[in-house]
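J.: Input: one structure, supplied below.
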Amino acid sequence: MRFEKGIIVALDSPRFEIIEDLKNEVDAVKIGYPLLLPRGLKVIQEISEVLPVIVDIKIADVPYVNEKICEILCESGVSGIIAHGFTGSDSIRACVRASSNFKVSVFVVAEMSHPGALEFMSSHSDEIARIAMLCGAEGIVAPATRPESIKRLHNIVPELKIISPGVGTQGGSAYEAILSGADAVIIGRSVYETEDVKEILSEFQEEVERAREERRKLRG
Ligand code: BMP
């Protein structure tokens with residue numbers, strides 16, 4: 001997937017009409033159970049007529065079942081899929097195998113953005129990122145709430161793309177996430193709970209551009 005804008009909107013809301021405001025302003029829409037359960041898989045096709053869709057049901061099963069889930073999602077028209085990494089390399093490989101037939105990108109959750117991720121997950125995020133790389137994933141999910149984790153993971157797997165949730169409502173900054181190595185930030189409530197969606201997106205876009213400029217300067 002290409003992240004020219006550096007922004008993915010997480011649409012965990014029935015406010016489906018904002019799709020029109022997102023067109024040409026973001027790289028992709030991320031949807032998960034809050035939209036898929038009430039609306040069904042057909043929502044993927046509806047959104048993908050406007051923007052690429054990343055389905056985030058954090059797939060976390062045995063390899064056989066992971067493969068089946070990915071096949072169903074790929075046949076529904078997704079551009080990207082998010083899978084958990086703690087299940088291990090065989091489960092991740094199954095997602096990559098199924099998705100590569102459809103040229104669909106797989107992103108592996110290396111470390112989550114909420115405080116509870118510090119209880120178990122964060123102490124294994126480096127290993128998960130390495131496994132994601134070895135299994136052929138296109139990228140990882142890393143927390144904007146912990147830019148230091150993004151930086152560390154970016155150094156461990158520089159060839160992988162990083163998409164980063166936790167911006168806005170959860171306290172993370174788009175500027176810091178991009179500066180630390182993220183290719184795109186994932187933003188939900190701060191966008192879809194705002195009256196003027198285009199205005200807030202242009203503010204986030206400005207932060208992303210400023211961070212990219214800073215990174216270019218640092219690279220020299
Ligand atoms: P919000 O900006 O409203 O907090 O939404 C964040 C989105 O990113 C949600 O869809 C959530 O499922 C997802 N997400 C997250 O917040 N943290 C993670 O570590 C992984 C996620 O997928």
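The values are calculated or read from the model by the stated rules, or taken from the named source; none is laboratory data. Keep in mind that this is a model prediction, so the values were computed, not measured. Because the Cβ atoms are built from the backbone with ideal geometry, glycine has one as well, and the counts that use them run over all protein chains shown.
J.: Looking at residue 140 and the list (1) in a helix (DSSP H, G or I); (2) within 23 Å of residue 213 (Cα to Cα), which single condition is not satisfied?
T.: Here residue 140 meets the rest and fails (1).
J.: Exactly one condition in (1) part of a strand (DSSP E or B); (2) polar (S, T, N, Q); (3) surrounded by fewer than 16 Cβ atoms within 10 Å (Cβ to Cβ) is not met by residue 169; state its number.
T.: (1)
J.: A further question on this structure: Quickly run through the stretch 159-173 and pick out the residues that are without any contact (Cβ under 8 Å) to a residue 60 or more places away in the chain, near the ligand (Cβ under 9 Å from one of its atoms) and within 23 Å of residue 92 (Cα to Cα).
T.: We begin by selecting, within the stretch 159-173, every residue without any contact (Cβ under 8 Å) to a residue 60 or more places away in the chain; these are 159-160, 162, 164, 166-173.
Next, from what is left, pick out any that are near the ligand (Cβ under 9 Å from one of its atoms): 164, 166-170, 172.
Within the stretch 159-173, 164 is the sole residue that qualifies.
J.: Name the residue that is surrounded by the most Cβ atoms within 10 Å (Cβ to Cβ), counting only residues in the stretch 1-24 that are among the basic types (Lys, Arg) and within 16 Å of residue 164 (Cα to Cα). Talk me through it step by step, then tell me what you get.
T.: Taking the stretch 1-24 first, the residues among the basic types (Lys, Arg) are 2, 5, 15, 23.
When the remaining residues are screened for being within 16 Å of residue 164 (Cα to Cα), the result is 2, 5.
Details: 2: 11, 5: 18.
Here the residue is 5.
J.: State yes or no: is residue 98 among the hydrophobic types (A, V, I, L, M, F, W, C), buried (at least 19 other Cβ atoms within 10 Å of the Cβ) and within 20 Å of residue 173 (Cβ to Cβ)? Quick ask: steps written out before the conclusion?
T.: On the way: among the hydrophobic types (A, V, I, L, M, F, W, C): yes; buried (at least 19 other Cβ atoms within 10 Å of the Cβ): yes; within 20 Å of residue 173 (Cβ to Cβ): no.
No: the conditions fail for residue 98.
J.: Can you tell me which residues in the stretch 36-68 are more than 16 Å from the chain's Cα centre (by Cα), under 14 Å from residue 92 (Cα atoms) and not hydrophobic (A, V, I, L, M, F, W, C)?
T.: 61, 63, 64, 66, 67, 68
J.: Restricting the search to the stretch 27-61, which residues are closer than 24 Å to residue 5 by Cα, assigned to a helix (DSSP H, G or I) and within 11 Å of the ligand (Cβ to nearest atom)?
T.: Selection gives 35 alone.
J.: While we're here: If we scan the stretch 66-77, do we find a residue that is part of a loop (DSSP other than H, G, I, E, B), more than 12 Å from the ligand (Cβ to nearest atom) and farther than 24 Å from residue 122 by Cα? Before you say what the answer is, go through the steps one by one.
T.: Filtering the stretch 66-77 for residues part of a loop (DSSP other than H, G, I, E, B) gives 76-77.
If we keep only those that are more than 12 Å from the ligand (Cβ to nearest atom) as well, we get 76-77.
From the residues that got through so far, the ones that are farther than 24 Å from residue 122 by Cα too are 76-77.
Yes, some residue in the stretch 66-77 is part of a loop (DSSP other than H, G, I, E, B), more than 12 Å from the ligand (Cβ to nearest atom) and farther than 24 Å from residue 122 by Cα.
J.: Can you pull out every residue in the stretch 185-196 that is surrounded by 21 or more Cβ atoms within 10 Å (Cβ to Cβ) and more than 12 Å from the ligand (Cβ to nearest atom)?
T.: none
J.: For the stretch 135-147, what are the residues that are surrounded by fewer than 24 Cβ atoms within 10 Å (Cβ to Cβ) and either within 15 Å of the ligand (Cβ to nearest atom) or within 18 Å of residue 3 (Cβ to Cβ) (or both)?
T.: Initially, the stretch 135-147 is screened for residues surrounded by fewer than 24 Cβ atoms within 10 Å (Cβ to Cβ), giving 135-136, 138, 145, 147.
Once the filter is applied, which keeps residues that are surrounded by fewer than 24 Cβ atoms within 10 Å (Cβ to Cβ) and either within 15 Å of the ligand (Cβ to nearest atom) or within 18 Å of residue 3 (Cβ to Cβ) (or both), the stretch 135-147 yields 138, 145, 147.
J.: From the list 3, 86, exactly one residue is aromatic (Phe, Trp, Tyr), at pLDDT 95 or above, at negative phi and touching a helix residue (DSSP H, G or I) at 6+ places or on another chain (Cβ under 9 Å). Which is it? Step through it out loud before you land on a result.
T.: Details: 3 fails: touching a helix residue (DSSP H, G or I) at 6+ places or on another chain (Cβ under 9 Å).
Going through 3, 86 in turn, just one is aromatic (Phe, Trp, Tyr), at pLDDT 95 or above, at negative phi and touching a helix residue (DSSP H, G or I) at 6+ places or on another chain (Cβ under 9 Å): 86.
J.: State yes or no: is residue 156 away from the ligand (no atom under 11 Å from the Cβ), under 15 Å from residue 25 (Cβ atoms), of a type in the set (Val, Ile, Thr) and over 17 Å from the mean Cα position of the chain (by Cα)? Explain how you work it out, then say what you get.
T.: Working: away from the ligand (no atom under 11 Å from the Cβ): yes; under 15 Å from residue 25 (Cβ atoms): no; of a type in the set (Val, Ile, Thr): yes; over 17 Å from the mean Cα position of the chain (by Cα): yes.
So residue 156 does not fit the description; no.
J.: Looking at 209, 176, which one is closer than 18 Å to residue 25 by Cβ and part of a helix (DSSP H, G or I)? Write out each step before concluding.
T.: Numbers: 176 fails: closer than 18 Å to residue 25 by Cβ.
So the residue among 209, 176 that is closer than 18 Å to residue 25 by Cβ and part of a helix (DSSP H, G or I) is 209.
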